[in-house]
Amino acid sequence: MATAVEFLPKEYGYVAIVLVLYCFLNMWMAVRVGQARRKYKVFYPTMYASEAENKDAKLFNCVQRGHQNSLEMMPMFFVLLILGGFQHPVISASLGLFYIITRYFYFKGYSTGVPDKRLSIGIYGFVSLLGLTICTISLGVHLITA
């Protein structure tokens with residue numbers, strides 16, 4: 001009896017590795033938020049610091065927001081990577097790796113406390129998402145016309 005894995009192209013392994021790499025990036029960002037909580041004295045369950053109560057609120061909020069935005073984008077990234085990877089595993093994995101790199105710089109820039117710095121390299125992550133969207137559309141068209 002064949003398993004589902006046997007129907008995947010061999011190169012789909014790259015897609016799986018990229019998914020795990022993003023998970024490591026997410027865990028690293030979560031640790032950075034935890035460190036910022038201690039440094040700026042923003043304790044759970046507070047999600048964002050109030051500028052009226054904490055002089056370092058903006059610095060903490062920028063770290064928190066960089067991670068939060070990455071969490072908000074993660075479902076779309078994962079779905080596009082997984083589906084696009086069925087049809088175009090190497091292209092999708094490459095785009096996914098590029099997205100991870102841009103997400104790292106997005107978070108690092110945001111964490112400076114100057115929100116606009118998130119876009120210096122981080123803005124190019126949208127190019128990856130566009131490419132992954134095209135790969136996923138290609139899969140859909142292939143399935144419909146096959």
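The values are calculated or read from the model by the stated rules, or taken from the named source; none is laboratory data. Only a predicted model underlies this, so the values are computations on that prediction, with no experimental measurement involved. Every residue, glycine among them, receives a Cβ derived from its backbone with ideal geometry; neighbour counts consider all protein chains shown.
Within region 64-110, how many residues turn out to be of a type in the set (Lys, Arg) and under 24 Å from TYR12 (Cα atoms)?
So the count comes out to 1.
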Yes or no: region 68-83 includes at least one residue that is touching a residue at least 60 places away in the same chain (Cβ under 8 Å) and either closer than 18 Å to LEU19 by Cα or of a type in the set (Asp, Glu) (or both).
yes
I'd like to verify a number: residues in region 110-119 that are buried (at least 17 other Cβ atoms within 10 Å of the Cβ) and either free of Cβ contacts under 8 Å to residues at least 24 places away in the same chain or touching a Pro at 6+ places or on another chain (Cβ under 6 Å) (or both), how many?
1
Give region 1-22 a look and list any residue that's in a helix (DSSP H, G or I) and aliphatic (A, V, I, L, M), or say none.
ALA4, VAL5, VAL15, ALA16, ILE17, VAL18, LEU19, VAL20, LEU21
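Answer yes if at least one residue in region 72-87 is at pLDDT 95 or above, of a type outside the set (A, V, I, L, M, F, W, C) and surrounded by 20 or more Cβ atoms within 10 Å (Cβ to Cβ), and no otherwise.
Looking through region 72-87, at least one residue is at pLDDT 95 or above, of a type outside the set (A, V, I, L, M, F, W, C) and surrounded by 20 or more Cβ atoms within 10 Å (Cβ to Cβ).
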Being surrounded by 15 or more Cβ atoms within 10 Å (Cβ to Cβ), among the hydroxyl-bearing types (Ser, Thr, Tyr) and more than 17 Å from GLY125 (Cβ to Cβ) narrows it down to one residue among TYR48, TYR40, TYR104; which is it?
TYR40
Failed condition for GLN64, given (1) touching a residue at least 40 places away in the same chain (Cβ under 8 Å); (2) under 15 Å from the mean Cα position of the chain (by Cα); (3) crowded, with 22+ Cβ neighbours inside 10 Å
(1)
Report whether or not VAL90 is surrounded by fewer than 15 Cβ atoms within 10 Å (Cβ to Cβ) and either at pLDDT 95 or above or in contact with a Gly (Cβ under 9 Å, 6 or more places away or on another chain) (or both).
yes
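For (1) of a type in the set (Gly, Ala, Ser); (2) modelled with pLDDT of 95 or more; (3) in contact with a Ser or Thr (Cβ under 6 Å, 6 or more places away or on another chain), each residue gets a yes or a no:
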residue: VAL18; (1), (2), (3): no, yes, no
residue: LEU21; (1), (2), (3): no, yes, no
residue: LEU25; (1), (2), (3): no, yes, no
residue: ALA30; (1), (2), (3): yes, yes, no
residue: GLY34; (1), (2), (3): yes, yes, no
residue: ARG38; (1), (2), (3): no, yes, no
residue: THR46; (1), (2), (3): no, no, no
residue: VAL63; (1), (2), (3): no, yes, yes
Pairs, please: C-beta under 7 Å, at least 6 apart or cross-chain, first residue over 14 Å from PHE98 (Cβ atoms) and in region 11-26, second part of a helix (DSSP H, G or I) and basic (Lys, Arg)?
none
